[in-house]
Structures are given as structure tokens and as C-alpha cells.
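Here's the structure, in C-alpha cells; my notes come after.
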Amino acid sequence: MIVREEQASDRTGVEALVEAAFRDLAVSDHTEHLLVARLRSAPTFIPELSLVAEECNRIVGHVLLTPVVIADGVGRTAALGVAPLSVAPDRWRRGIGSRLMREAHARAAALGFGSAVLVGHPDYYPRFGYRPASAFGIRFPFEAPDECCLAVELLPGGLCGVHGTVEYPSAFFG
Ligand SMILES: CC(C)(COP(=O)(O)OP(=O)(O)OC[C@H]1O[C@@H](n2cnc3c(N)ncnc32)[C@H](O)[C@@H]1OP(=O)(O)O)[C@@H](O)C(=O)NCCC(=O)NCCS
């Protein structure tokens, strides 16, 4: 399995994969593939942070990181929003999601991003260093349980003194 940057020719396959990954998820609104399409078309899109996992010429995983801002009345700090992370259902629990997350973090840190945030399962993301965002004083503009609102430092001290509300690009909201 290799992890590489998504190419334009991957787009249809990626969207089918994302749709399949979330298809049977009760908490999903089943529009994650549309979110990927919108975020790709947004001016904020960073091609280096849309990664695919490929096995034998088949795309089996995808992750997208999009610039966000963490803002309070005083400061505004650039960060990344992780969404969505998708693995083909027949390839779950083989480490593909973990490879994608670790590779995405490494590439994001190399680009100078100090932190990432996401709304996700509290049993899955701590293995990549995520902690409740509330511990940093970071809030999300979504109705989501506190334990699902997570943040990680990608660079040492990346969230030092950073607090406020996460501002997502408008493409996030359809
Ligand atoms: C979540 C997902 C990306 C994990 O991908 P994966 O390649 O199966 O994950 P990995 O193989 O790297 O890790 C497997 C581990 O994660 C755990 N895990 C997988 N999905 C999980 C979930 N939704 N919640 C909690 N733990 C989960 C597994 O139990 C396994 O744990 P173990 O290592 O202790 O056995 C994949 O299941 C998926 O695409 N799910 C549907 C879409 C989705 O939920 N995306 C995330 C949105 S927050």
C-alpha cells in the first residue's frame, strides 16, 4: 500500500470510496463525498493535503485536510481541519486509516501548520495525539459532544496560547 497525493484522475474514485465508507454509518448524513468535492473546489484547497491510499491500483483510502482559523477576540491562528477520513469497508482494520493520518500530519507539519482539529470518534483519534479541544479552550461551530471535538499539535507548542472558535471555510457548510 502506498500513500500519495490525490491526482485529478483520482477524483471520481475518491468520491465513490468516500460515499461507500460512510454508507452504513448511522451518524452520517451521507453527503461526505459532496463535502470532498466542494472543499477541492474551494480557494482554500491545498492539493498536497488530499491524500489517497492505493493498493494494486485501487484507491482504498482518502483523507483531506483543509485550512481553518482558530479565532478569539484577540488573535487568529491558522490550523487544519481533518475531514473526512475514509477507508474502503472491505479494507478496515488493516492500518490504512492510521497510515493516512500519520502521513497527513507529517506533510502538514512540513508545510508549517502547527495544529489540526476535527470532530470524530474519541476512541480512534487519541492514538494520533488528539485531545479534547476544550482542554485548549477551542470550540467548534457544530452541535457535537465535547469528547468528539478534538485537537492536536503538529509542531511543538503549536497550540500554545491558541484558543477560540474554529472558523471553517464556507464550503464546509454546503
Ligand atoms: C474510521 C476509519 C477511517 C478507520 O480506518 P481503518 O483503516 O479501519 O483504521 P486502522 O486500521 O488504522 O485502525 C483500526 C483501529 O481503529 C479502530 N476503529 C476503527 N474505526 C473506529 C471508529 N469509528 N471508532 C473507534 N475506533 C475505531 C478499530 O477498532 C481498530 O482498533 P484496534 O487497533 O485497537 O484494533 C474507517 O473505519 C472508516 O472509513 N470508517 C467510516 C468512515 C468514518 O467513520 N470516518 C471517520 C469519521 S470521524
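Of all accessible surface on the chain at a 1.4 Å probe, what whole percent is carbon and sulfur? Could the numbers behind the result be given before it?
Values: 4620 of 8610 Å².
Carbon and sulfur: 54 percent of the exposed surface of the chain.
Kindly report, to the nearest 10 Å², the accessible surface of Asp146 as traced by a 1.4 Å probe over protein heavy atoms only.
90
For the range 62-157, just the Cα set please: Rg and Dmax, both in angstrom.
13.3, 47
In degrees, nearest 10, range 0 to 90: what is the angle between the Cα axis of helix 32-41 and the longest Cα principal axis of the chain?
Rounded to the nearest ten degrees, it is 70.
Among Cys148, Cys56, what's the order by accessible area (1.4 angstrom probe), most exposed first?
Cys56, Cys148
I need the chymotrypsin sites (Phe, Trp or Tyr not before Pro) found in the range 97-171, filtered to DSSP loop residues with at most 16 other beta carbons within 10 Å of theirs.
Details: sites: Phe113, Tyr124, Phe128, Tyr130, Phe136, Phe142; in loops: Phe113, Tyr124, Tyr130, Phe142.
Answer in residue order: Tyr124, Phe142.
Among Phe172, Gly81, Leu35, flag the residue with its Cα farthest along the positive direction of the charge dipole of the chain, charges on Cβ as +1 for Lys/Arg and -1 for Asp/Glu.
Gly81
Just to be sure I understand: of the beta bridges DSSP finds with both ends in the range 7-116, what percent are antiparallel, rounded to 5? Don't skip to the end; give the middle numbers.
Working: 16 of 17 bridges.
Taking every DSSP beta bridge within the range 7-116, about 95 percent pair in antiparallel fashion.
Please report the Cα spread of the range 135-174 along all three principal axes, rounded to whole Å, starting with the longest.
In descending order, the Cα extents are 34, 21, 15 Å.
Rounded if a/c is under 1.5, else prolate if a/b beats b/c, else oblate: with a ≥ b ≥ c from the C-alpha gyration tensor eigenvalues square-rooted, which is the range 1-54?
On the way: a/c = 2.20, a/b = 1.32, b/c = 1.66.
Note, shape of the range 1-54 comes out oblate.
Can you give me the relative contact order of the chain as a percent, contacts being Cα pairs under 8 Å and 6 or more apart?
Numbers: 323 pairs, mean separation 38.8, N = 174.
That works out to 22 percent.
If you take the beta carbon distance between Ala37 and Arg94 as r and set R0 to 41 Å, what does 1/(1 + (r/R0)^6) give as a FRET efficiency, to the nearest 0.05?
Once the sixth-power term is evaluated, E becomes 0.95.
Considering amide H positions built from the backbone, and no H for Pro or chain starts, which residues 5 or more places from Gly164, or on another chain, come under 5 Å of its amide H?
Amide H to amide H, under 5 Å and 5 or more residues apart or across chains, Gly164 pairs with Ile138, Arg139.
So for the chain, what are the equivalent ellipsoid semi-axes in whole Å, largest first, each being the square root of 5 times an eigenvalue of the Cα gyration tensor?
On the way: eigenvalues 128, 54, 52 Å².
Values for the chain, descending: 25, 16, 16 Å.
With every protein chain kept in place and ligands, DNA and RNA left out, what is the accessible area per residue of the range 44-174? Probe 1.4 Å, answer in Å².
For the range 44-174, the per-residue accessible area is 47 Å².
Determine ³J(HN,Hα), in whole Hz, for all residues of the range 147-153 in sequence, where each value follows from phi through the Karplus function 6.51 cos²θ - 1.76 cosθ + 1.60 and θ = phi - 60°; x replaces Gly and Pro.
6, 8, 8, 10, 8, 9, 8
For the chain, with only Lys/Arg (+1) and Asp/Glu (-1) charged at the beta-carbon, what is the dipole magnitude about the Cα centre, in debye rounded to 20?
Numbers: 16 positive and 20 negative charges, 70 e Å.
With Lys and Arg at +1 and Asp and Glu at -1, about 340 debye.
The values are calculated or read from the model by the stated rules, or taken from the named source; none is laboratory data. Being a predicted model, the structure only gives us computed values, none of them experimental. Glycine gets a Cβ as well: all are built from the backbone with ideal geometry, and neighbour counts include every protein chain shown. Just the protein is used for accessible areas: all its heavy atoms, side chains included, with ligands, DNA and RNA removed. Shrake-Rupley method; radii C 1.70, N 1.55, O 1.52, S 1.80 Å.
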